Structure formats: C-alpha cells, structure tokens
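Here the structure is laid out as structure tokens; the discussion comes afterwards.
All of the numbers you see were taken from the coordinates with simple rules; none came from a lab. Quantities reported herein were computed from a predicted structural model and do not represent experimental measurements. Virtual Cβ from ideal backbone geometry, glycine too; neighbours counted across all protein chains shown.
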Amino acid sequence: MEIPFHKPYITDEEIIGVVHSMRSGWLTMGPKTIEFENRFAESVESANAVSMNSCTACLHLALRAIGLREGDEVIVPAMTFTATSEVISYFNAKPVFADVETGTGNMDVSKIESLITGRTRAIIPVHYAGQPCDMQEIMEIAKKRGIYVIEDAAHALPAYYRHKKIGSIGHITCFSFYATKTLCTGEGGMAVTDNGQWAETMRVLRLHGISKDAWKRYSKNGKWQYEVVDAGFKYNMTDVQAAMGLAQLGKLEWMWETRKEIAEKYNEAFGRMEELIVPEIKPDRQSAWHLYPLKLNLEALKVGRDRFVEELARRGVGASVHFIPLYRHPFYKNRYGCRMHEYPASEWVYGRVFSLPIYPAMMEEDVQGVIEVVQHLAGKFKR
Ligand SMILES: *Cc1c(COP(=O)(O)O)cnc(C)c1O
C-alpha cells in the first residue's frame, strides 16, 4: 500500500482548458485570468478579486494596500507557514506571534488584545486546516483598535463562518492555489476585498506598477502607451494557470464534499480512541478540510509524534506536520528574539500533531487503509 500525502485532482477538464489557452496564442495574463477573477469573486462573495502568482504575493500586496510601514507591528499566529509572517519582514515591520488554541490550531483570540501596541497595524488570522477562526471577535477587536484584518485563507476554500463565506468577512482575504491546496493551479493566489481602491492598488503593483489594465497592451484593441506609477512587482497570474483554475472552480464544491466525507470517516474511526485526539470542530462554522490534523495523546502512548510519522511512512502512509511554529526557526529566533516558553499551546500542539492524507483522488480503500494503519500503530505503541 502506498498512499501519498497529497495528489492533485486533475481531469480532462483542466487539460483541455490549458491546451485551449496554449492554442489561443495568449499565454500570460489575459481574458482567462480576468474570467477566473470574476468567477472567483462571485464564488467567495467579494466585490473584487486580484489574481497573482502566489498567496504569498497576495499577502505582501495586501500589506502594501493597507499602507504598512517600517517599524509597524502585525499580529500572526505562532503556528503557521512562514509565508504568513515573512511578508511582514519585507517591510522591516515586526511580526508579533499570538499563541493558538490547542483544539482547533487557530489563533487564540483571548491572546490578541494584550499584544496590541500603538504600532500594531493589522492582524493576519490563519484558518488552520480550513476551519475559520473566531472572526466575529477578531473583527470586533480590529474595529475597536482601528486596525485591519487580512485573512490568510490559504487553507479555507471553501469555508463558512456563521453562514458567511470566507472571503466576505475580513478587509482583505488571501487564497492559495499552490499544488497541494484545495484549488490548484500549480502556483497561484487570489486577494479579494470589497475595497475598490485597495483592489486597484494591488492590481497596479502586481504588474510592475503600470497603471490600468497593462495586460491589454498586446491585445488587438490595446494601446502601446502606459505609465509606471510605482516600483511594482512581477506577481501576475497567467492564462494557462487561470484555465486550470476555472476548471477546478467548477468542481470546488464536489471536491469539498469528498474531503468532508473522508474527515467524517477519520473522526468516526479515531474519535473514541484514547491514544488519539481528533480536531475540535466549532459548531458555527464549516471547515474546508484542506488538512486533517490528528494529535497523539502522548500520555497514552510509548512513542512521540516523530516516531509515529516515521512508522506511518514505513507502512506507506504519507503524513506531514503543520506547522513547525515560527518561533522555532532560526530566522525568527535571531531577528525577533522570540522564545518557546511564551507559546505553551503551540508547543503542546506541535509535539503531538500530524496531518493525514485527505483529498478527492483518494479511493475508499485508501481511506480504510490509512485508518487501519493508524489504528494498528496506536495499538502497537499503547502505553
Ligand atoms: C500554502 C500557504 C501559504 C502560501 O501560499 P503560496 O501560494 O504557496 O504562496 C500561506 N499561508 C499558509 C498557511 C499556507 O499553508
């Protein structure tokens, strides 16, 4: 048995779309990219969608849009991917880590207010594994303190918080279309916002700081004149990627249903086992189930997480760990001097958590295979 941690779900629809784009002669940003943006904005219930070549680029330009400056501070969860936080360092601003909840892995909202200073400009919540954070509380804190909320929704497509789509709540929301994410274009990202001015700023900056619809320059009706209004970036998406994205968008709901079914099977199989701790699900929201983060009850086991993941791999089950907390990495330790004992919940989760395969290309027998291997190992290493 060999069950990789992830396999993208690619069918003839993506292949035909990509081939069509290639044959059309228009490879870079063009009509397909604009169509993808429009359909994406609609699907997450936002007024504007700005595509880019990664979610990291989206987070970067979102911070530019809100006017982040050197010396400012931005609050991020301590347990996330470095992309959430590295973009703050681009500005010589300071990422301030908030500890997470042990049950959901999301930013613990009770920790946020005490981290806010006169320099805090924004909060970047991460919807860990796809489950939305406590957005009402986060938006209320932000409003009260006059700061912005930029959601890192790399895991949260599609996801709901109190009947609202993720993408329709924060000031700017950033999605990822990286190869392993719930909608994939190989590489890619989308920033959505109801603020038209921010959307325009991001549109200009993603393509060299060239004003207005620069991509139309080479079309039949395009004009050769353009103006550079800022030192922009080369962050645009391409029509080849957008063609893949459009095909993926069409089956986003169905792919979500299949992940939900797998999560339910895992919950059912592991929920009553003393050796394992299933993810906490809050009742007023729906996870995208990008990841299935399972935790070990170390008190009931003779082995730790590292050994457990190794044994899974030996039996053909690809698992991964999300995430090594940021304060453990040399860059953040050296540059910002953060220390582990300040984040007991992140440490607790990090010592126990690992992610199991969860994707629509998994067959019924793959899911059963994963369950059997995990149960076998839990029994074998029971204390
Ligand atoms: C994948 C990921 C990103 C970065 O996405 P890219 O599209 O690869 O730039 C950011 N944040 C989190 C939490 C992620 O998992």
Partnerless cysteines, meaning none of the other Cys C-beta atoms lie under 4.7 Å away, in the chain | Cys55, Cys133, Cys184, Cys338
So the FRET efficiency between Glu342 and Glu86, C-beta based with R0 = 25 Å and rounded to 0.05, is 0.80
Taking springs between alpha-carbon atoms closer than 10 angstrom, which of Lys333, Lys223, Lys32 fluctuates most in the Gaussian network model of the chain?
-> Lys223
In straight Cα distance, which aspartates and glutamates are under 20 Å from Lys333, not counting same-chain residues fewer than 8 positions off?
-> Glu70, Asp72, Glu73, Glu86, Asp99, Glu342, Glu347
Computed ³J(HN,Hα) along the range 228-242: with the Karplus parameters 6.51/-1.76/1.60, θ = phi - 60°, integer Hz and x for glycine or proline, the list is 8, 10, 7, 7, x, 10, 9, 10, 6, 7, 10, 5, 5, 5, 4
So which of Lys111/Lys295; Lys260/Lys382; Lys181/Lys260; Lys181/Lys295; Lys143/Lys164 end up more than 25 Å apart, counting from Cα to Cα?
-> Lys260/Lys382
Please list, or write none, the lysines whose alpha carbon is within less than 26 Å of the alpha carbon of Lys212, excluding same-chain residues fewer than 8 places away.
-> Lys32, Lys220, Lys223, Lys234
So for the range 12-250, taking the charge dipole from beta-carbon charges (+1 Lys/Arg, -1 Asp/Glu), which of Ala129, Ala47, Gln225 sits furthest toward the positive end?
-> Gln225
Most mobile listed residue (His20, His171, His341) in the chain, GNM with C-alpha springs under 10 Å | His341
Check: C-alpha center the range 139-195 vs C-alpha center the range 1-22, spacing in Å is 24 Å
In debye to the nearest 20, the charge dipole size for the chain, taken about the Cα centre with +1 at each Lys and Arg Cβ and -1 at each Asp and Glu Cβ, equals 860 debye
Amide H contacts under 5 Å for Leu276, placed H, 5+ residues apart | Asn297
Under 15 Å Cα-Cα from Lys302, which aspartates and glutamates qualify once same-chain neighbours fewer than 8 residues away are excluded?
-> Glu274, Glu275, Glu310, Glu311
Roughly speaking, what is the centre-to-centre gap between the range 214-249 and the range 299-371 when only Cα atoms are used, to the nearest Å?
-> 39 Å
